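Reviewing the structure listed below.
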Amino acid sequence: MATDSIAIPLPRTASRSVVLDWLCTVDHKKIGIMYIVYALIFLVIMGCEAILMRIQLARPESTFLNAEAFNRLFTMHGTTGIFFVAMPMLFGFGNYFVPLMIGARDMAFPRVNAFSFWMTAFGGILLYASFFSGGSLLHGGSAPAVGWFAYAPLTAPAFSPGHGTDFWILALLVAGVGSIGAGVNFVATVLCMRCPGMTLGKMPLFAWMNLVTGAMVLVAISPLTAAQLMLIGDRFLGSHFFDPAAGGQPVMWMHFFWIFGHPEVYILIIPSFAFISEILPVFSRKAIFGYPAMVAATAGIGFISLGVWAHHMFTVGMPSYGNAFFVLTTMVVAVPTGIKIFNWLATLWGGKIRFATPMLFCIAFLFQFLIGGLTGIMLATAPFDWQLHDSYFVVAHFHYIIVGGILFAIFAAFYYWFPKMTGRMLSETLGKWHFWIMVIGFHLTFDFMHVPGLLGMPRRIYTYQAGRGWGVWNMISSIGVIFQAAAILIFVYNLVHSYFKGALAGNDPWDAWTLEWATTSPPPDYNFDAVPVVRSRRPLWDIKHPEDPDWKYE
Amino acid sequence: MSATPVSVAAEAAEAQPLSRGRVGMWCLIVAESAIFLIFIVAYLFYMGKSLDGPTPREILTVPVITTICLLSSSATMHWATAALRQGKQTAFRLFWFVTFALGAIFLIGTGREWHHFIYQENFTIHTNLFGSTYYSLVGLHATHVAVGLIALGTVLLLALLGKVKQEHSERCEILAMYWHFVDAIWVVVFTVVYGLGR
């Protein structure tokens with residue numbers, strides 16, 4: 001075995017070898033980029049689905065779409081958004097930057113990492129294969145039409161004939177295996193691969209938050225996998241888990257789904273917090289305020305979020321102590337979340353703020369996430385929820401978190417880390433256009449969406465009668481979509497244009513402090529020439545200011 | 001390819017406190033436990049809620065022998081990995097084989113139980129809620145035993161070919177962690193299905 005001979009890479013001229021290189025790679029950076037590109041493609045697809053739905057809802061009694069197609073669109077929009085946009089996007093950034101920030105060569109299990117990505121990718125393709133099976137493509141083939149939480153007994157063979165629901169189950173099962181692999185990898189990487197000197201207390205918050213996310217994936221995605229196995233049993237083997245005719249209880253599905261579904265929200269928002277916690281300090285020119293409190297709050301959110309799931313179920317008739325328990329636990333989540341908001345504000349306070357595009361998205365995140373959180377507290381109050389459950393108020397609330405929070409944080413991450421990943425800056429001018437048009441579009445769509453909810457418009461209806469007073473609000477929401485779509489087009493154009501023509505970034509364009517900026521842009525395969533040794537939470541500050549290093553104070 | 005200089009690791013050989021293999025296996029065990037937890041909750045929740053028979057009391061017999069086999073395989077597995085760590089090849093191969101054999105006996109036992117239910121008792125996953133929860137929970141566990149046996153069999157084959165050396169003891173111990181988990185979860189499944197459920 002000539003293991004000591006070094007293979008000298010030949011210059012690659014054939015495009016085939018480049019493709020093979022990406023298909024077979026186990027490098028965390030390439031896998032990270034594949035996750036991100038994959039998620040971007042699905043972001044555009046789910047956006048198109050949203051556009052179709054908003055065209056349908058813009059006017060009362062519209063006939064643009066039929067009920068069946070509408071059901072398919074909102075099911076695919078929701079499922080795609082959670083599993084094939086938000087999760088892969090956040091895993092992608094985590095994959096790329098966790099090893100770099102902790103001074104590691106790669107993730108703990110590079111091959112498991114590649115396996116996880118391809119399972120997730122296969123899941124998404126499987127979900128969309130449903131469009132091309134059976135029926136006509138015009139009406140959505142046999143795409144699932146059961147909603148993203150697929151309540152029983154609607155998923156029973158009698159009510160969901162055909163294979164749409166089966167595609168949905170299998171896609172999520174496959175993607176779930178990929179997610180669990182990613183969770184294992186994040187936990188093992190953060191716990192075992194840190195460079196010398198980087199104790200847990202000196203780790204960037206980004207690594208901390210991905211550690212908590214990884215741990216949550218392990219305990220939250222698994223229940224979904226279990227529930228999907230039961231549903232497959234019900235649909236194919238004739239078991240009776242969710243079959244009322246044989247004594248099974250559909251409410252069990254609700255519990256099993258939401259014990260996954262609610263922690264899932266935090267699996268998405270905690271990595272978004274991670275972006276904000278890295279970007280805000282750099283553009284405020286201050287160290288993060290209250291590092292230990294941030295770590296404790298993250299762990300607290302992760303823990304508490306496992307015990308709040310039935311606040312999605314206040315209307316199914318739980319006993320009063322059940323309702324009370326879930327009202328209280330849900331409100332308790334607001335405490336560590338509030339700590340985070342105050343810490344971010346305190347980081348801004350007295351800072352020398354630079355309003356570059358990443359910072360703009362962070363600041364919008366703070367406002368929008370706060371409002372989304374507050375409507376969440378409103379909905380956590382059981383009597384209020386009885387009134388507004390499954391109304392457009394709920395739709396507006398969770399889009400405030402997912403678009404106004406998570407997506408804005410993702411945009412911030414793109415503008416901040418694109419230079420590291422490609423070696424070129426994204427255009428600031430286009431970035432500001434993207435930001436302001438997105439802000440306008442977001443607020444037009446989702447601020448005004450609260451109102452028809454308060455007026456009693458249920459979610460998931462494919463049309464509504466004129467004269468209910470909902471028409472104007474829906475029209476405004478739909479107009480907002482034009483702005484959002486324009487903003488996304490500018491963003492995609494910016495990505496492509498800057499990749500080829502953007503200004504060269506250099507190693508450290510933002511004068512930042514974490515280890516990823518210590519290597520070249522893009523980093524070499526091996527990440528660091530020499531294994532870094534750190535003594536504080538801001539290793540690059542120590543190098544740049546040897547006369548006044550951080551480790552003297554920490 | 002010049003990176004901003006970061007002070008070179010003088011003490012680069014600093015030992016990693018945690019083995020990533022062990023941490024990874026612990027993570028997998030946590031995830032698997034969550035899957036089992038959902039199936040166990042379903043079993044407990046649907047206990048006694050079947051609309052027709054048969055009931056657990058009517059047909060379940062406690063699998064004493066196979067349970068003893070599976071639980072003792074944890075001990076033999078422990079002895080096997082301990083032997084490998086000390087470089088005692090013969091003892092390692094012997095105990096590893098015994099572990100494999102005990103696991104196989106357990107799986108055969110489950111197979112015979114199912115065969116009896118399906119062909120003699122006409123009791124399937126479709127019969128009632130008890131059937132749905134029983135076959136899924138016991139089947140989930142049996143699947144884990146089967147996966148474990150495939151892994152154990154692979155190592156056994158490599159060991160017989162003389163490819164498993166002392167330096168592989170860490171990897172074998174990580175596989176052993178999975179096997180101990182499969183045994184431990186059987187204690188829970190056994191208690192639920194053959195104890196509380198009956």
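Can we say A:A274 is assigned to a helix (DSSP H, G or I) and either hydrophobic (A, V, I, L, M, F, W, C) or over 21 Å from the mean Cα position of the chain (by Cα) (or both)? Judged against the criteria, A:A274 is a match.
Within the range A:218-233, how many residues are farther than 13 Å from A:I180 by Cα, within 11 Å of chain B (Cβ to nearest Cβ) and buried (at least 24 other Cβ atoms within 10 Å of the Cβ)?
2
For the range A:130-146, the criterion of being within 28 Å of A:G32 (Cβ to Cβ), of a type in the set (S, T, Y), in contact (Cβ under 8 Å) with a residue 12 or more places away in the chain and surrounded by fewer than 19 Cβ atoms within 10 Å (Cβ to Cβ) is met by none of the residues. Take A:F260 and tell me if it is free of Cβ contacts under 8 Å to residues at least 60 places away in the same chain and either outside any loop (DSSP other than H, G, I, E, B) or among the acidic types (D, E) (or both). Judged against the criteria, A:F260 is a match.
Of A:V496, A:V481, all but one fail to be surrounded by 14 or more Cβ atoms within 10 Å (Cβ to Cβ), in a helix (DSSP H, G or I), hydrophobic (A, V, I, L, M, F, W, C) and modelled with pLDDT of 95 or more; the exception is A:V481.
Residue by residue, here is whether (1) under 30 Å from A:S320 (Cβ atoms); (2) in a loop (DSSP other than H, G, I, E, B); (3) at pLDDT below 95; (4) among the hydrophobic types (A, V, I, L, M, F, W, C) holds:
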| site | (1), (2), (3), (4) |
| --- | --- |
| A:F342 | no, no, no, yes |
| A:F355 | no, yes, no, yes |
| A:I363 | no, no, no, yes |
| A:Q368 | no, no, no, no |
| A:F408 | no, no, no, yes |
| A:L426 | no, yes, no, yes |
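Among residues that are more than 8 Å from chain B (Cβ to nearest Cβ), in contact with a helix residue (DSSP H, G or I) (Cβ under 6 Å, 6 or more places away or on another chain) and either over 30 Å from A:M294 (Cβ atoms) or not in a helix (DSSP H, G or I) (or both), A:F242 is included. Checking A:A58, A:A86 one by one, the residue that is in contact with a helix residue (DSSP H, G or I) (Cβ under 6 Å, 6 or more places away or on another chain) and surrounded by fewer than 20 Cβ atoms within 10 Å (Cβ to Cβ) is A:A58 and no other. So is A:T165 polar (S, T, N, Q), in contact with a helix residue (DSSP H, G or I) (Cβ under 9 Å, 6 or more places away or on another chain), assigned to a helix (DSSP H, G or I) and facing chain B (nearest Cβ under 10 Å) or not? In short, no. Quick check on my filter: what residues within the range B:42-64 are surrounded by 18 or more Cβ atoms within 10 Å (Cβ to Cβ) and within 11 Å of another protein chain (Cβ to nearest Cβ)? Matches in the range B:42-64: B:A42, B:Y43, B:Y46, B:S50.
For the range A:173-210, a residue qualifies if it is within 11 Å of chain B (Cβ to nearest Cβ), polar (S, T, N, Q) and assigned to a helix (DSSP H, G or I), and the qualifying residues are A:S179, A:N185, A:T189.
Among the residues making up the range B:133-170, a single one is part of a helix (DSSP H, G or I), within 14 Å of chain A (Cβ to nearest Cβ) and at pLDDT below 95: B:E170. Of all residues in the range A:445-465, those satisfying the criterion of being over 11 Å from A:V395 (Cα atoms), touching a residue at least 24 places away in the same chain (Cβ under 8 Å) and surrounded by fewer than 16 Cβ atoms within 10 Å (Cβ to Cβ) are A:L454, A:G456, A:Q465. Every condition in (1) more than 8 Å from every other protein chain (Cβ to nearest Cβ); (2) farther than 30 Å from A:F361 by Cβ; (3) of a type in the set (S, T, N, Q) holds for A:T213 except the one numbered (2).
Which one of these is touching a residue at least 40 places away in the same chain (Cβ under 8 Å), under 21 Å from A:F206 (Cα atoms) and within 10 Å of another protein chain (Cβ to nearest Cβ): A:N507, A:N527?
Only one candidate qualifies: A:N527.
Of the numbered criteria (1) in contact (Cβ under 8 Å) with a residue 24 or more places away in the chain; (2) more than 19 Å from B:V193 (Cβ to Cβ), the one B:L129 fails is (2). Taking the options A:A215, A:A175, name whichever one is at pLDDT 95 or above and surrounded by 24 or more Cβ atoms within 10 Å (Cβ to Cβ). That would be A:A175, the only listed residue that is at pLDDT 95 or above and surrounded by 24 or more Cβ atoms within 10 Å (Cβ to Cβ). A residue that is under 23 Å from B:R22 (Cβ atoms), part of a helix (DSSP H, G or I) and in contact with an Asp or Glu (Cβ under 9 Å, 6 or more places away or on another chain) occurs nowhere in the range A:91-98.
The values are calculated or read from the model by the stated rules, or taken from the named source; none is laboratory data. Predicted model only: the values in this text are computed from it and were never measured. For neighbour counting, all protein chains shown are included, and Cβ atoms are generated from backbone atoms with ideal geometry for every residue, glycine included.
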